[in-house]
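Inspection log for the structure reproduced underneath, given as structure tokens.
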Amino acid sequence: MSPQEWESLCDGCAKCCLLKLEDEDTGDIAYTRLHCHLLDEETCRCSDYDNRQASVPDCVILTPKSVGELKWMPSSCAYRLIHEGKPLPDWHHLISGDKTLVHTAGRSIAGRTVSEDTVLEDDQMDWIVDWEGNEP
């Protein structure tokens with residue numbers, strides 16, 4: 001798969017841009033309604049994609065190899081689905097031909113999150129949410 005083909009798999013849900021909290025004892029991952037400060041919450045796209053690691057050093061660059069190692073990837077993520085040999089959902093733009101369907105189908109985080117830099121670190125646990133179909 002070429003780099004362009006790989007990038008085209010992204011459905012634009014932006015769930016990977018959510019702040020995730022890990023339980024130190026169990027390793028369980030909890031998703032929050034807090035998104036990376038670089039995320040444009042209306043378009044669900046990174047506002048500085050090419051340079052994101054300069055300001056967010058722990059931002060993960062997905063590769064075919066790393067997807068299988070990231071247990072926090074959403075179960076609906078196209079990268080994860082392809083890695084697991086599963087089909088893409090009907091709302092995915094490569095199936096539907098419509099890049100906005102991820103939003104209108106309610107599969108993205110558009111309009112449902114706030115920037116991580118608006119919440120104190122001690123209050124992050126108050127923002128944990130169970131995103132439908134997003135359990136790792």
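Rule-based calculations on the coordinates, nothing more; no lab input. None of these values were measured; they are calculated from a predicted model. Don't worry about glycine lacking a Cβ; one is built from the backbone with ideal geometry, like all the others, and counts go over all protein chains shown.
Things worth noting here:
- Considering only beta bridges that DSSP places wholly inside the chain, some 80 percent are antiparallel.
- Protection proxy ranking for 112-121, 34-43, 48-57, 93-102, using the average of other Cβ atoms within 10 Å per residue and placing the highest first: 34-43, 93-102, 112-121, 48-57.
- Around ASP11: net Lys/Arg minus Asp/Glu count, Cβ-Cβ under 12 Å: +2
- Gain on full stretching of the segment that runs from GLU84 to TRP72 - 0.36 nm per residue minus C-alpha separation: 2.9 nm
- Per-pair calculated FRET efficiency, R0 = 22 Å: LEU120 and ARG45 via Cβ, rounded to 0.05: 0.25
- From the coordinates shown, Cα extents along the principal axes in Å corresponds to which of (i) 41, 32, 31; (ii) 42, 34, 26; (iii) 66, 32, 26: (i)
- Model label points for THR26 and GLU7, set 7 angstrom from Cα along the Cα-to-Cβ axis, are 3.9 nm apart.
- Other residues with beta-carbon under 13 Å from the beta-carbon of SER55 carry, at +1 per Lys or Arg and -1 per Asp or Glu, a net charge of -4.
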